[in-house]
Amino acid sequence: MLRLIKDTLISQVVTLWRVFVHAFAKTDTVEYPDVQPQMAARWRGRIILSRDPDGEERCVACNLCAVACPVDCIALQKTEDEEGRWYPEFFRINFSRCIMCGFCEEACPTNAIQLTPDFEMAEYVRQDMVWEKEDLLINGTGKYHDYNFYRVAGKKIRGKDKGEALNEAPPVNVRSLLP
Amino acid sequence: MRFEVGSALSIGAILFTVIIVAAMLIWVERRLLGLWQERLGPNRVGPFGLLQVVADMIKIFTKEDWVPPFADKFSFILAPPIIMVVILMSFSVIPFAPGVGVIDSDIGVLFVLAMASLGAYSVMLGGLASNNKYALLGSLRAAAQMVSYEVFMGISLLGVVALTGSFNLREIVLAQSDGWYVVPQFVGFVIFLIAGVAESHRLPFDIPEAEQEIVAGYHTEYSGMKFGMFFVGEYLGVLLISSLLVVLFCGGWLGPAFLPPIVWFALKTAFFIAFFILLRAAIPRPRYDQLMNYGWLFLLPLSLLNLLLTGAFILWQGGM
Amino acid sequence: MAKISVDGIEYEVNPANNLLQECLSQGLDLPYFCWHPCMGSVGACRQCAVKQYRNAEDKTGTVVMACMTPASDGSIISINDKQATDFRSHVIESLMISHPHDCPVCEEGGECHLQDMTQMSGHNYRRYDFKKVTHRNQDLGPFINHEMNRCIACYRCVRFYDDYAGGTDLAALGSHHHVYFGRHEEGTLENEFSGNLVEVCPTGVFTDKTFSAHYTRKWDLQTAPSICSGCGAGCNTTPGERYGTLRRIVNRYHHDLNGYFLCDRGRFGYDANNSRDRVGEALYRHAHTDGEPRKALSAIEGARQLDAMASGELIGIGSPRASLESNMALRQRVGPQNFFSGMGDAQLSCATEVISLLQEPGLNCPDIRSLELSDCVLVVNEDITNTSARMALALRQATRNAASAMAQDARIPLWQDAAVRELAQHSRSPLIILSPQGTRLDDVASDTFLGTVEQQIVFVQSVAHAIDANCPAPNCAPENGAQVTSVANALCAAKRPSIVSGLSAESLALIKATANLARALREYRHRHGAANPSVDLCFAMPEVNTMGLALLMKEGGGSLSSALSILRTGKADAAIVLENDLYRRASAEAVDAALASKTPLIVIDHLHNAFNAKAHLLLPAATMAEQGGTWVNYEARAQHSYQVFQPEGSTRAAYEWLVPNNPVRGPSVHGDALLQELAGESRSFAPLLELLSSRSGIAALMKSPRQSHRFSGRTAMHANVHVHETKQAQDPHSPLSFSMEGLLLQKDASLMSAAWAPAWNSNQAISKFQEEINGELKQGNKGVHLLARDGERGSYNKVEHAPEQGLAKYFIEHLFGSEEISAASPAIQARAVPAYACIGKGLAQSLGVHQHGLLRLCADRYSVELPVLIRDRIADQCVGIYCGGEVNRASLCGSVSIEAVAKDANVLASARAMFSHLVISDTLPREG
């Protein structure tokens, strides 16, 4: 009987009291858009394509973001300039499908694709949520300031010959007989 | 039997006030829930979001009022007004303050109970007429729940009636001038409170419309203003039960003279309304069978015991 | 069979193989680089280390290289042993010391054997602090990209290119960690099989340059099993599509045919699919308004126009490069009596003769794999490297059978590649080449005979007569009796002799003479009690479905010349020409005369050309990759190719256009019904039912996806057109679906287009689909042989043959340029040369013409001026003509006279430039 009273009455009263006390706690609601929320730098919002410290496109069209994308909303095509630097001929994100999971950013070997704290992306026309490279590419390095993929990779591009990447010896002269 | 009818003006004023208050309860409930859940609730329409109700009403009035082709049209249309009408009629016997009220009936308590029984028809008919399995389940639950809890509701009141010696609500209030019945009749008070929640199928006893299980129960198929009537009917029910709690157990309009009696009545009612909302915020819904077991196996014996002890007390006092 | 134990589990293995091969055969994962299933082991990379124990008591064991250790009975090894796995992870770490960290910008990424093996061996972080070795790259021509930094020095490239394919211009240069794989100087890789470097190289040193120009990762390609349309060999391919264009072709393993390798025509000719010259839409002009531009029609209008024009007396001209379905649809539309061959008359009669030879008992038509096993090959006239290159690669391997025999005698296992080569030195099985000019196989030939077609016929007849005296002797004795005897002796001594020829001379007499030689050899072997008296005899076919069309013509129909004469006389109300440029089939004069009658002309084709420019209604046809179809190769093997992707616009498979009164012409039209009808109609085609049932059996289970399970961009690739995703294309009739959905046939190769197995993303995953390494594919569909091999035992033909009037001539074929469709591919065009004439030094002197000068060739009513190439090795008093796409071959078929034309310096310079990238062999055959 006591147990029943405890379960049915006392515990309910305690519950009521505890919920009531919440009336004196601070509200969590942020009154967006009157008040702009504080977004963490690592917030996964609008996707951008960044440039390397030299101002060149970071994206090398390796397709890893596209294959990592769980909703398959990234499509791109590789092309290259006369000196062998790869970049995307087109790079398209269908934001009406994007779930902002950030897998693309994790997959990107060049830090080109990054998610930003901007989340205000609603459109009245769905077609306007398809973003092309011109819309995505920014004039900056984004979150990662120093990394330049081609300074590390051994592929020759304009302004960086064979043997000039990080930790590379000058090209071998095959005709040399020296050991 | 005394029988006084107030002026048409006062009837209109009371009706208007009651409906407006019930409608405003929608806003009050959402704000209070917000408060207890550490958020804000509706605050964008008008000052403090007060006009949210107006916005909701505009919405609900302009919605398509649709009767499903498979429904029984007559009873489908009939059901929602029933609940409005019976609850509003119950208010006719409520003594708000000295001189404020529609009629002063000697059978006030019985009238309220009778009207509450009729309210069950609204819910039952609505569910049956919908011709929808969820609605049917909802109406079956509603019928069982309302019929069951009416029993202890009535019995729990009998203590008060016995102490006063009258079914007249105004006399019951006056009888409490030297002490509210909540003290001697605490058990009756608690049982009436619980039964009242169940009667108005408010959370945690909203089993007939449990949306996690049966979509929206008996009003699954309702839309537009017919749904609106069910919706407002629920808040009218809250208002009615709160008023009854005040009248029967908490001394009605009685209170220190620095405030007019009607204000005392309003304040006490407001307290109980807030309590109803707190219940919703805090307590989860029991299962259907738990509700029935609780009622028949615990509340019924308890209320009978309460009546027995009250009777014994009166006899003992009378014999002195 | 031997029993070995691997990590405590017993396996039945073949003791003739090495441990690596047998472990892979059993489906075990063991990393390797330098070993290749087709090229054996050299033990260079040290990656396949395993622990071997002497006996059950031995708990210590020794680390051995699995590829260099025989799978002898009772071997106990461990792959997962800690010491072995450590060894392998240290080896891969060393191999990766100078790897350039450029996977994202590497075309191999995602299908890289090095990536797979690095993952498998567990290396992930470079601990070596010193500098990476770097190399400069070379421009290796239009096919192959070079990125030497990625090299791990496994030597597979030179082992394939030099040892297997006989190339001479790729080598391992330098030494120690400076070793460099490239040419002695920049320039185009000359070998006809250079494209295979892309698949042989385990990493991205050699990549496909044409693919890189419109690069797509392997997982993003939509693929389906297909057939190469480059020649009649019927090699299996996997074309890959993305964004509506064909991106590349890679090899698809077929045990009997192409194995692991394709020729460069097959690999790089695909770009014709994306050519600007494609017929994109239906074009129409009224029959009496010649000269006006044609008006574009929609698909439905085009089909209606076809129905409107194709009434009354119709004639249809088929095509050896159209599928059986399309030829059959045309034949049904016009009626069998009005169906005419799309081949030239001479070619048709040759092909018909070949069909009867295919049915003759005792004459066995070898598949390409069997050719490799032959220990004596005689090539008659056909420049096989340039007409059916994959067969030439097999012949090159056949010459190694002497080495195999020596190795077996010396008890050296055949997979010990370096040891076998060292042992054999230059010993080769006999390969005898009869040809009017030096060929690319001369470097491995034991004997060559340079002679005109006439002289070869005499030579072949003499050899036949020398083998079996019953065989009629030629009218005139050959000039070199000693050579005849030695060739006859070589053929008689062989255990498994093969005779290879082809249709390129279009000489019925040559085919009959060759057949006589095969029969004589058969009689000889029969008389001398050979274990298997049958003789391998095959004829290379010029086009993908030459054999199919010839078989169809056997069921009735007329020759091309009769079709042209019907047109000329205006007896037909309309003519439908299927995927055919008649200027390549008949003389320009005859075609022009036929067209002059203004009979309404309907042409269905993929590429614009001079002939279909004259069509009144031109309908766009689907190419190999854009349609499903059935194709019959040189050995009468019918194989099915599946549609890789649905072409945009109104392009349809030709048979879809041809089904009457079907204005939709969509996928509702179904090629299988046509095949069923064909199979019911003729006994030759009856085996098609087997092919059809094998396919419907798979389809009944569940559709198989054309897209990989990693296919990306589904919701974005068309979003620029419309954000709402369109419905996936439907394919109700084939067992494949145009999506990622369906059953991925992991161990079932029936519908395998791109080999993939868990942890094996590169093409090396093929081992997971083989019964055993180098074996048949598990449940693979090999196609069906159409002809029943139960013809009459033919007796010796009388070789009737009128000696040619005037100067002897022959026609030159080139791998790059001779075939019509692949010649529209830009990469092939970069390697192709325009038409030229070729003469020997003696003739040049007497004509007074110098190298790269101009020569005028005059036939009856046709003359053409061509730059001249003077070669060392060419038959005397004879002119070779390479027609390319511009010279009308049929017009030059009669007697031809030549004269030198005065040249100016510009012409000379441009001719010199043009010949500079022509790859010919004038090397003398080896000694002995």
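Quick note: the coordinates plus some simple rules give every number you see, no bench work behind them. Small disclaimer: the values here were computed from a predicted structure and weren't measured. Cβ coordinates were reconstructed from backbone atoms using ideal geometry, including for glycine residues, and neighbour counts include every protein chain displayed.
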Just how far, in whole angstrom, is segment C:203-254 from segment A:127-179 if you go by their alpha carbon centroids? 28
Helical contribution to [θ] at 222 nm, DSSP H n ≥ 4, -39,500 (n - 2.57), averaged over chain A, rounded to 500: -4000 deg cm²/dmol
Go ahead and estimate [θ] at 222 nm for chain C from helices alone: -39,500 (n - 2.57) per DSSP H run with n ≥ 4, summed, over the residue count, rounded to 500. -7500 deg cm²/dmol
Which whole number gives the average, over all residues in C:103-110, of C-beta atoms from other chains lying within 10 Å of the residue C-beta? 6
Would you mind checking the radius of gyration and Dmax of segment C:808-916 based on alpha-carbon positions, in Å? 13.5, 39
Inter-label distance, nm, simple model (7 Å from Cα along the C-beta direction), residue C:908/residue B:78: 11.6
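Translational diffusion coefficient of segment C:89-192 at 20 °C, 1.002 mPa s, Stokes-Einstein with Kirkwood Rh over Cα pairs, in µm²/s as a whole number.
Working: Rh = 15.0 Å.
Answer from the Stokes-Einstein relation: 143 µm²/s.
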Semi-axis lengths, Å, segment C:207-272, gyration tensor of Cα atoms, sqrt of 5 times eigenvalues: 20, 12, 10
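Rounded to two decimals, what is Rg over Rh for segment B:170-220 when you use alpha-carbon atoms and the Kirkwood radius?
Numbers: Rg = 16.5 Å, Rh = 13.1 Å.
My calculation of the ratio gives 1.26.
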log10 I(q)/I(0), Debye, Cα-only segment A:23-174, no solvent, q = 0.10, 0.13, 0.20, 0.21 Å⁻¹? -0.44, -0.67, -1.27, -1.36
Quick one: go through segment A:82-125 and flag any residue whose amide nitrogen is under 20 Å from the point 7 Å out along the Cα-to-Cβ line of residue A:30. A:99-102, A:115-123
Hey, got the average number of other protein chain Cβ atoms within 10 angstrom for residues in A:63-73? 6
Out of the DSSP beta bridges found with both residues in the protein assembly as shown, what percent are antiparallel (nearest 5)? 60
Just name one of C:482, C:462, C:500: the one whose Cα is farthest towards the positive end of the charge dipole of segment C:427-510 (beta-carbon charges, Lys/Arg +1, Asp/Glu -1). C:500
Cα-only Rg/Rh for segment A:57-145 with Kirkwood Rh rounds to 0.95
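At most 14 other Cβ atoms within 10 Å and a DSSP loop assignment: could you name the trypsin sites (Lys or Arg not before Pro) in segment C:170-220 that fit? Provide the component values of the computation, followed by the final result.
Values: sites: C:183, C:209, C:217, C:218; in loops: C:183, C:217.
Taking segment C:170-220 and a limit of 14 other Cβ atoms within 10 Å, no loop trypsin sites (Lys or Arg not before Pro) are found.
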Charge dipole magnitude, Cβ of K and R +1, D and E -1 - segment C:808-916, Cα centre, debye nearest 20: 200
From the phi angles alone, apply the Karplus equation (6.51, -1.76, 1.60; θ = phi - 60°) to segment A:166-172 and give each ³J(HN,Hα) in whole Hz, x where the residue is Gly or Pro. 3, 6, 10, 7, x, x, 6
Taking N as the number of residues in segment A:1-113, what is its Cα Rg relative to 2.2 N^0.38 Å? 1.94
Whole-number percent relative contact order across segment C:808-916, with pairs defined as alpha carbons under 8 Å at least 6 apart: 35
Size of charge dipole - chain B - debye, nearest 20, with Cβ of Lys, Arg +1 and Asp, Glu -1, no other charges: 480
Taking segment C:804-845, the whole-percent share of alpha-carbon pairs separated by over 14 angstrom is 58
Local electrostatic count, residue B:45, Cβ distance below 15 Å [Lys/Arg +1, Asp/Glu -1]: +1
Treating segment B:79-217 as a set of equal point scatterers at the Cα positions, no solvent, please give the Debye-formula log₁₀ I(q)/I(0) at q = 0.09, 0.12, 0.20 Å⁻¹. -0.31, -0.54, -1.15
Using each residue's phi in segment C:114-121, evaluate 6.51 cos²θ - 1.76 cosθ + 1.60 at θ = phi - 60° and report the 3J(HN,Hα) Karplus result to the nearest Hz, with x for Gly and Pro. 5, 4, 4, 6, 5, 4, 5, 8
Principal axis dimensions, segment C:263-377 - Cα atoms, whole angstrom, descending: 61, 38, 25
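What is the dipole size for the protein assembly as shown, taken about its Cα centre, with +1 at each Lys and Arg Cβ and -1 at each Asp and Glu Cβ, in debye to the nearest 20?
On the way: 124 positive and 147 negative charges, 331 e Å.
In debye, rounded to 20, the protein assembly as shown gives about 1580.
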Provide, in order from the shortest bin, the percent of all Cα-Cα pairs of segment C:581-625 in each 10 Å bin, continuing until the bin that contains the maximum pair distance. 27, 54, 17, 2
May I have the extent of the alpha carbons of segment C:496-573 along their three principal axes, as whole Å values ordered from largest to smallest? 61, 22, 21
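Give a quick list of GluC sites (Glu not before Pro) in segment A:115-179 that DSSP marks as loop, anything other than H, G, I, E or B, with at most 12 other Cβ atoms within 10 Å. All intermediate terms of the calculation are to be shown ahead of the outcome.
Working: sites: A:120, A:123, A:132, A:134, A:164, A:168; in loops: A:120, A:123, A:132, A:164.
Here the sparse-neighbourhood loop sites are A:120, A:123.
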Fraction of the pair-distance distribution of chain C above 55 Å, Cα-Cα pairs, percent: 12
When the distances between all Cα atoms of segment C:734-784 are binned every 5 Å from zero, what whole-number percent does each bin get? 4, 20, 28, 25, 15, 6, 1
Working from the pairwise distances between different alpha carbons, so that the mean of 1/r is found and then inverted, what is segment C:1-77's Kirkwood radius in Å? 12.4
Given segment C:808-916, what percent of its DSSP beta bridges are antiparallel, to the nearest 5? 60
What does chain B give for Rg and for Dmax, in Å, if only its C-alpha atoms count? 19.8, 68
With the convex hull built on the alpha-carbon atoms of segment A:27-89, volume per residue in Å³ sits at 153
Which GluC sites (Glu not before Pro) in segment C:36-135 sit in a loop by DSSP (not H, G, I, E or B) and have at most 13 other Cβ atoms within 10 Å of their own Cβ? C:57
Taking only the alpha carbons of segment C:363-533, the radius of gyration and the largest Cα-Cα distance, Dmax, both in angstrom, are 15.9, 50
Please turn the phi angles of segment B:267-277 into ³J(HN,Hα) values with the Karplus equation 6.51 cos²θ - 1.76 cosθ + 1.60 (θ = phi - 60°), one per residue in order, whole Hz, x for glycine and proline. 4, 4, 4, 4, 4, 5, 4, 4, 5, 4, 6
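Given Cα positions, please report Rg to Rh for the protein assembly as shown, the hydrodynamic radius being the Kirkwood one. Display every interim value, and only then the final one.
Numbers: Rg = 45.6 Å, Rh = 39.0 Å.
Looking at the protein assembly as shown, the ratio lands at 1.17.
With a sphere of radius 10 Å drawn around the Cβ of residue C:654, what net charge do the other residues whose Cβ falls strictly inside it have (Lys, Arg +1; Asp, Glu -1)? Before the final figure, lay out the partial values.
Numbers: positive: C:652; negative: C:325, C:579, C:605, C:656.
Every neighbour counted, the sum reads -3.
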